[in-house]
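The structure under discussion appears below in the form of structure tokens.
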Amino acid sequence: MLPEIDSYLSANAARFEDELCELLRIPSVSADSTRKGEVRRAAEWVAAQFRGLGLEVELCETAGHPIVFAEAKADPSKPTVLVYGHYDVQPPDPLDLWTTPPFEPTRRDGNIVARGATDDKGQMFTHVKSAEAWLKGTKGKLPVNLKFLIEGEEEVGSAHLDQFIEANKTKLKADVVVISDTSQFGPGRPAITYGLRGIAYYELKLQGPSRDLHSGTFGGGVMNPANALARVLATIIDERGRIQVPGFYDDVQPLTDLERQQFAALPFDEAQFMKAIGLTAVAGEEGFTTLERRWARPTFDINGLTSGYQGEGAKTVLPAKASAKFSFRLVPKQDPEKIRVALEAHLRRVLPSGVTMELTAFHGAPGVVVPLESPFVAAAVTAVESGFGRKPVFIREGGSIPVVSTFHELLGLDTLLLGWGLDDDNTHSPNEKFCLADFHRGIKASAYLWHEIGKKF
Ligand code: BES
Ligand code: ZN
């Protein structure tokens, strides 16, 4: 249907992969302060891509990692699409579980394997290459105006992004946002994601005696902070998977019957789901299916536990300190700040005497659902079908992209979440991958999306 685009994409497919590999070689781990220079190098690499396409580009400094902003003006009468993505990646640890090194991208079984392959360098890059296809492969005109906002702090909670958006409302003015940082429903089942969960992340530190003690001499007469931590954490969720913090569910909207039916109609294979991640049983909140639990119900998960002796063999120590990192995934309407207040009050109430506590709140973001009745969604359905050869299904997902709610609140914009990844891409774990065929399908879907959106207005 767009022969010039199609032939440009096939003629340049191998180079697109090579360029993605260049970006994947830059270890832009935003959480690691020793990688600050590498994070900047990734930002500069992305900026250079845009410059190469003749876009107006700015590398915007923040108190953290820089933001890349680029703009391709086509025609003021056409809609403007704001593409968001992130060039930062998660830490690669544990390194010994990678088959090939995380920052040496390797093609294996039709995938590109590297940290950031799918989350989000590979997915983000599909929109850069689709812009290139229009600018270089046709008579040089994009069918829409494009703005790109590519940040370097998504994996650490986008701390400086809201401020940037607040300060640059005019610059970021657009009609719709497009983000590819989610997944398909399954292999060969493209999806449009209309809901994401939010997050509220904490660290709880308990302090007991002023120093580590002999557990024989002192045990029994002293509150052990590790015991206290286990007790306190166990009060947060009951055996039916219900969170016990008073007020936690106050703003949770029940799932509608229609939505439950729609989830149930998706071809979700629970046995396959268990097999893929080595489970013997699924678990979660009583009364809900696995998809409901993962996509549309709030959860509590401990993300890290630290206390006492972790070395080889046994050590009879009564540790002076214990700490935990944990988070709630939130659903729309739950307010992270309200949750923090409720949590802190709950923890103070259940804290055993003999230990003191300190609660730190890290990133928080509300959950989102985006409306499906819009011409942009209709355009996306057609474009995804053009790229992937199959109509997308509508899904929600359990992960979080904090900026989606910010775009809505500060710019009044809805987001199209068009994910080209797969649930088994190993995001945030060893051997992250991105299916190369999906990379190219994503580029094609994106190129067709500009066409479909341009056509509608
Ligand atoms: N790409 C993910 C978001 C995602 C994950 C969407 C799974 C859909 C399904 C993103 O890069 C991410 O990992 N976000 C963090 C946000 C947090 C650090 C504030 C997350 O969800 O943990
Ligand atoms: Zn991501």
Self-check item: Matching entry among Val68, Val39 (being outside any loop (DSSP other than H, G, I, E, B), within 16 Å of ligand 2 (Cβ to nearest atom) and under 20 Å from Ser446 (Cα atoms))
Solution: Val68
Self-check item: Residues of the range 431-457 satisfying the condition of being in a helix (DSSP H, G or I), charged (D, E, K, R) and crowded, with 20+ Cβ neighbours inside 10 Å
Solution: Asp438, Arg441, Lys444, Glu452
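Conditions tested, residue by residue: (1) surrounded by fewer than 19 Cβ atoms within 10 Å (Cβ to Cβ); (2) within 18 Å of the chain's Cα centre (by Cα); (3) among the hydroxyl-bearing types (Ser, Thr, Tyr).
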position	(1), (2), (3)
Leu279	yes, no, no
Glu285	yes, no, no
Glu292	yes, no, no
Lys338	yes, no, no
Ala342	yes, no, no
Leu359	yes, no, no
Pro366	no, yes, no
Ser374	yes, no, yes
Ala378	yes, no, no
Self-check item: Residue count, the range 414-430 (criterion: farther than 15 Å from Pro190 by Cβ and either within 14 Å of ligand 1 (Cβ to nearest atom) or surrounded by 22 or more Cβ atoms within 10 Å (Cβ to Cβ) (or both))
Solution: 6
Quiz item: Which one is surrounded by the fewest Cβ atoms within 10 Å (Cβ to Cβ), of the residues in the range 86-137 that are assigned to a helix (DSSP H, G or I) and of a type in the set (A, V, I, L, M)?
Solution: Leu95
Quiz item: So which residues in the range 226-262 are polar (S, T, N, Q) and either loosely packed, with under 14 Cβ neighbours inside 10 Å or part of a loop (DSSP other than H, G, I, E, B) (or both), if there are any at all?
Solution: Thr235, Gln244, Gln253, Thr256, Gln261
Quiz item: Looking at Lys325, is it within 30 Å of Ile453 (Cβ to Cβ), surrounded by 13 or more Cβ atoms within 10 Å (Cβ to Cβ) and either touching an Asp or Glu at 6+ places or on another chain (Cβ under 6 Å) or modelled with pLDDT of 95 or more (or both)?
Solution: no
Practice problem: Kindly provide the set of residues from the range 386-441 that are among the β-branched types (Val, Ile, Thr) and under 18 Å from the mean Cα position of the chain (by Cα), ordered by number. | Solution: Ile395, Ile401, Val403, Val404, Thr406, Thr415, Thr427
Self-check item: Residues of the range 191-214 classified as over 30 Å from Pro267 (Cα atoms), charged (D, E, K, R) and within 30 Å of the chain's Cα centre (by Cα), total
Solution: 2
Quiz item: Can we say Lys391 is more than 16 Å from ligand 2 (Cβ to nearest atom) and either hydroxyl-bearing (Ser, Thr, Tyr) or closer than 28 Å to Phe164 by Cβ (or both)?
Solution: no
Quiz item: Before we move on, is Lys139 farther than 20 Å from Glu432 by Cβ and either modelled with pLDDT of 95 or more or away from ligand 2 (no atom under 16 Å from the Cβ) (or both)?
Solution: yes
Self-check item: strands (runs of 3 or more DSSP E) fully within the range 310-408 counting 1 or more residues that are farther than 14 Å from Arg197 by Cα and among the acidic types (Asp, Glu)
Solution: 356-365
Quiz item: Which of (1) touching a helix residue (DSSP H, G or I) at 6+ places or on another chain (Cβ under 7 Å); (2) under 27 Å from Ile453 (Cβ atoms); (3) at pLDDT 95 or above does Leu206 not meet, given it meets every other one?
Solution: (2)
Quiz item: Restricting attention to the range 409-423, which residues are part of a loop (DSSP other than H, G, I, E, B) and within 16 Å of ligand 2 (Cβ to nearest atom)?
Solution: Trp420, Leu422, Asp423
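A quick yes/no check of all residues on (1) hydroxyl-bearing (Ser, Thr, Tyr); (2) surrounded by fewer than 24 Cβ atoms within 10 Å (Cβ to Cβ); (3) touching a Gly at 6+ places or on another chain (Cβ under 8 Å):
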| position | (1), (2), (3) |
| --- | --- |
| Pro143 | no, yes, yes |
| Lys147 | no, yes, no |
| Gly152 | no, no, yes |
| Phe164 | no, yes, no |
Quiz prompt | Search result, residues across the range 114-152 that are touching an Asp or Glu at 6+ places or on another chain (Cβ under 6 Å), farther than 24 Å from Asn168 by Cβ and within 16 Å of ligand 1 (Cβ to nearest atom) | solution = Arg115, Ala117, Thr118
Quiz prompt | Subset of the range 5-50 (residues that are hydroxyl-bearing (Ser, Thr, Tyr), surrounded by 18 or more Cβ atoms within 10 Å (Cβ to Cβ) and farther than 21 Å from Trp450 by Cβ) | solution = Ser28, Ser30
Practice problem: Mind listing just one residue for me: the one in the range 239-276 that is in contact (Cβ under 8 Å) with a residue 60 or more places away in the chain and of a type in the set (Gly, Ala, Ser) and, of those, farthest from Leu351 (Cα to Cα)? | Solution: Ala276
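The values are calculated or read from the model by the stated rules, or taken from the named source; none is laboratory data. These figures come from a predicted structure and were not determined experimentally. With ideal geometry, Cβ positions are generated from the backbone for all residues, glycine too; neighbour counts draw on all protein chains shown.
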